[in-house]
1. By accessible area of protein heavy atoms, probe 1.4 Å, what ranking do R334, R195 get, highest first?
2. Which one of V245, A258, V296 is farthest out on the positive end of the charge dipole of the chain, using unit charges on Cβ (Lys, Arg +1; Asp, Glu -1) and the Cα centre as origin?
3. About the Cα centre, and with charges only on the beta carbon of Lys, Arg (+1) and Asp, Glu (-1), how big is the dipole of the range 48-135? Nearest 20 debye, please.
4. Between I205 and H276, take the C-beta separation as r, use R0 = 25 Å, and let me know the FRET efficiency to the nearest 0.05.
5. Residues of the range 37-68 with backbone nitrogen within less than 16 Å of a virtual label 7 Å along the Cα-to-Cβ line of V142, please, listed as ranges.
6. Which sequence of V313, V369 reflects their accessible areas, 1.4 Å probe, from the largest down?
7. May I ask you to evaluate 6.51 cos²θ - 1.76 cosθ + 1.60, the Karplus curve with θ = phi - 60°, for each residue of the range 249-257 and list the ³J(HN,Hα) values in order in whole Hz, giving x for glycine and proline?
8. Using the Cβ atoms and a cut-off under 11 Å, what net charge is assigned to the surroundings of V261, where Lys and Arg are +1 and Asp and Glu are -1?
Amino acid sequence: MRSVDDHQRVVADLIRSRPAVMGSLTEALGLVLADDVVAQLSLPVFDNSAMDGYAVRAEDTSGATPEHPVLLPVTEDIPAGRTDQLTLQPGTAHRIMTGAPIPAGATAIVPVEDTDGGLVSVAIRQTAPPGKHIRPAGEDVVLGSTVLRAGQLVTPAMLGLAAALGVAELNVIPRQRVLVISTGSELVSPGTPLRPGQIYESNSIMLAGAVRDAGATVVATATAGDDVTQFSAILDRYAGTENHVDLIITSGGVSAGAYEVVKDAFGRHGSQDQNHGVEFVKVAMQPGMPQGIGRVAGTPIVTLPGNPVSALVSFEVFIRPALRMAMHLPDPERPRRPAVLTETLTSPRGKRQFRRALLHPAEDAVGGVDTVTSYGPPASHHLRWLASANGLLDIPEDVVEVSAGTQLQVWDLR
Ligand code: AMP
Ligand code: MG
């Protein structure tokens, strides 16, 4: 049997980064920058008012108090967005709004609160020192400075900065494009009536959600019955370099029984063809032992077992970190938290066990330590527990029993 660590490496090697592309700001959110961004503008772009009020020459307000206001004629009205170049004559004031350009000659803004708000002439009740309430050009960003760096994860604030600088597109490592295929003749879509022996298909929606949650894109989801022709037709439609799918994920049809469509489609004993074939392996883990990996017409494929818990745990362990690494995203792995087990558990010999778990934060942040409880049975069809678990308890291969009070690593799914 192959170790979990070894299979993680094999999957990570299979999934390759796409070349960086220029994308709209909207598309760039949550992706990693491939280039530095150098400011082609200063911010503020021009000297502008920080307050609604009056642009003045500072010396014209000297001595102004509430008791002895200075009276100045108001000769212009400057709302934000006024584009003509104005000059303030000595001994006059321009009414001005926040964000509007400072007229030439003005050296201070008097907030409207310190005046009578006059439109023809204004009574100024406070002395304004030079520079007061003026936001000078380049105070925030200087033209030519590097404001964003290659390797940074694009956040909403970074999009705001890019847009403010007039940048409409960013060069980013694009999302991996993933096709999800469920297999099984017993599966029907939610929303249709069930006949005896049928079940609702739940892996494709779950895995597609996990793909998106990992930061990648779902090109399509599809379901095939246990029929090699039908399954191969779906592969043919999407595989191949011209079809722009970076990864195909299948679930089901890889166990030891009959009617294992994925195994049947690729040949039970795998293939020697580097470009077309799947190697089926047993990985020393529970759940998720039967795994497969390879290429279809050059397109990477990872075949997961069909039991829903096995499928999602396998995705967490192998695919999520590989997808995030390929997109250069931070923290490809889930954070691992040490936590003290509150019960005694047994675990199969020779298999690394991932049990659904509830992580309880320490009561006391200073000296306390997180505790963890296993959540639901270890069997791989118990979706209900998986749905409410917030962690995966990682029990090493060689361990057969862990007693209450032992410290274990927990994968934090929160
Ligand atoms: P398999 O790996 O195909 O042998 O499937 C193992 C178990 O998982 C069987 O009980 C299947 O019915 C179930 N299963 C497989 N695929 C799905 C799916 N897409 N949605 C729900 N259950 C599934
Ligand atoms: Mg099946």
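The values are calculated or read from the model by the stated rules, or taken from the named source; none is laboratory data. Note that this is a predicted model, so its numbers are computed, not measured. Every residue, glycine as well, gets a Cβ built from its backbone with ideal geometry; the counts of neighbours run over all protein chains shown. The area values use the complete protein model at the heavy-atom level, side chains included, leaving out ligands, DNA and RNA. Shrake-Rupley method; radii C 1.70, N 1.55, O 1.52, S 1.80 Å.
1. R195, R334
2. So the residue we want is A258.
3. 220
4. After rounding, the FRET efficiency stands at 0.30.
5. Within reach of a label on V142: 38-45.
6. V369, V313
7. Karplus values, whole Hz, x for Gly and Pro: 10, 10, 10, x, x, 10, 8, 8, x.
8. Numbers: positive: K263; negative: D226, D227, E260, D264.
Summing Lys/Arg as +1 and Asp/Glu as -1 gives -3.
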